[in-house]
Amino acid sequence: MRRTAVVVTSLMLLLAAGCSDGKADAGPGPVLKPVPKSSAASSMPGPPADGDLPRGGRQLFPKYQLVGYVGLPGSPALGPLDKDLDAKADKLEKLAKSYAVGRTPLPVLELIVVVASGGPGKDRKYRNRLADEKIENYLKVAREHKMLLLLDIQPGRAKILDEVKRQERWLKEPDVGLAFDPEWAVGPGQVPGRVFGHTSGGELDSIAKYLSGLVEQNDLPEKVFVFHQLSTRIVSNEKALKEHPGVVTIKSVDGIGNRKDKESTWRKLTPTMAAGVHAGFKLFYQEDTRHGPLMTPAQVMALKPRPEFVVYE
């Protein structure tokens, strides 16, 4: 899993250089090692009562403020959710309260379940999937702390909707949502980490429509769908993304840098949001602090429009 950091570092260098689409030496891709069968199933807490959200009700906004950590087991370069999950959940709980600003905090564990790879793999899709046993463990922790679990997908060369549908067993749960990293969605002949990936409003709409169907078929509360964006070139024809019943779509603005640079990226990317899309904001513990102090909750919440999901990597 340490090789994952090589791919991530390459992409971060591209970001710092102004989001160039030029090539970078991404190195070999990560290898997800097999994990032993977990006993989590026997001790798994049940879903929230009455099919509600973890802290009650069936609608997210304006009641809740979402605050999350990103991570992948054994890969600290990809965020704080790499280990010590209960301790991290306790820390996240305290952080979420600092963002409440008149709302109820609802912490989020954003787990990378499909990770882009610098190597092709057996099917040459340039991505690896996290074992179900690992996902189950994170869901167990999320339920014990009454938090949401988001399944984050970096599809590589695979089709994003195919990867989303492979997670359907989890997405049918009332406390599990979806996140999509389109900068890791590359075309034929491209390698993740060497070029930036791309998506379209139409593709995002197809994902939201699929999630809406799951909500209706399974009588679920509102389901979170986050897509991350770090530059204007990552998403084309964004207005093609429509509103779908039961789906709360959030655009997470992911630019790296000091406060001035991050606010500049915010001003570029939030005006392009389609109707009904909510604003989100991402902070990087390592990459941002190379350029200056990490933005404080007060500084983040001063952004307009209000970031309704703040996530830390």
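Quick notes
- Residue, most open to solvent (accessible area, probe 1.4 Å), within the range 244-283, restricted to residues that are part of a loop (DSSP other than H, G, I, E, B) and closer than 26 Å to Gln299 by Cβ: Asn258
- The test for being at negative phi and either in contact with a helix residue (DSSP H, G or I) (Cβ under 8 Å, 6 or more places away or on another chain) or surrounded by fewer than 17 Cβ atoms within 10 Å (Cβ to Cβ) (or both) does not hold for Glu308.
- The one condition in (1) in a helix (DSSP H, G or I); (2) within 25 Å of Arg306 (Cα to Cα); (3) within 17 Å of the chain's Cα centre (by Cα) that Ala77 fails to fulfil: (2)
- Scope the range 80-110; condition at positive phi and within 17 Å of the chain's Cα centre (by Cα); matching residues: none
- Here Thr296 clears all of (1) of a type in the set (Val, Ile, Thr); (2) touching an Asp or Glu at 6+ places or on another chain (Cβ under 6 Å); (3) without any contact (Cβ under 8 Å) to a residue 24 or more places away in the chain except the condition numbered (2).
- The requirement of being under 25 Å from Asp123 (Cβ atoms), open to solvent by 10 Å² or more (accessible area, probe 1.4 Å) and touching a residue at least 60 places away in the same chain (Cβ under 8 Å) is fulfilled somewhere in the range 196-215, by at least one residue.
- Filter result for the condition that a residue is farther than 28 Å from Thr104 by Cβ, crowded, with 21+ Cβ neighbours inside 10 Å and either among the hydrophobic types (A, V, I, L, M, F, W, C) or modelled with pLDDT of 95 or more (or both), over Glu133, Glu183: Glu183
- Residue satisfying condition, being farther than 17 Å from Leu60 by Cα and not in a helix (DSSP H, G or I), within set Gly177, Gly102, Gly118: Gly118
- Subset of the range 149-174 (residues that are farther than 21 Å from Glu203 by Cβ and buried (at least 24 other Cβ atoms within 10 Å of the Cβ)): Leu149
- Residues in the range 182-195 that are part of a loop (DSSP other than H, G, I, E, B), in contact (Cβ under 8 Å) with a residue 60 or more places away in the chain and not aliphatic (A, V, I, L, M): Gly193, Arg194.
- Selection of the range 102-121 for residues being within 23 Å of Ala142 (Cα to Cα) and open to solvent by 10 Å² or more (accessible area, probe 1.4 Å) yields Arg103, Thr104, Pro105.
- Residue ID - most open to solvent (accessible area, probe 1.4 Å), chosen from residues in the range 218-243 that are farther than 30 Å from Gly56 by Cβ and in a strand (DSSP E or B): Ser236
- As a summary of the residue check, Lys88 satisfies the conditions (1) surrounded by 19 or more Cβ atoms within 10 Å (Cβ to Cβ); (2) in a helix (DSSP H, G or I); (3) in contact (Cβ under 8 Å) with a residue 24 or more places away in the chain except for the one numbered (3).
The values are calculated or read from the model by the stated rules, or taken from the named source; none is laboratory data. All values reported here derive from a predicted model rather than from experimental measurement. Glycine also receives a Cβ, built like all others from the backbone with ideal geometry; neighbour counts cover every protein chain displayed. Accessible surface is based on the protein model in full, side chains and every heavy atom, while ligands, DNA and RNA are left aside. Shrake-Rupley method; radii C 1.70, N 1.55, O 1.52, S 1.80 Å.
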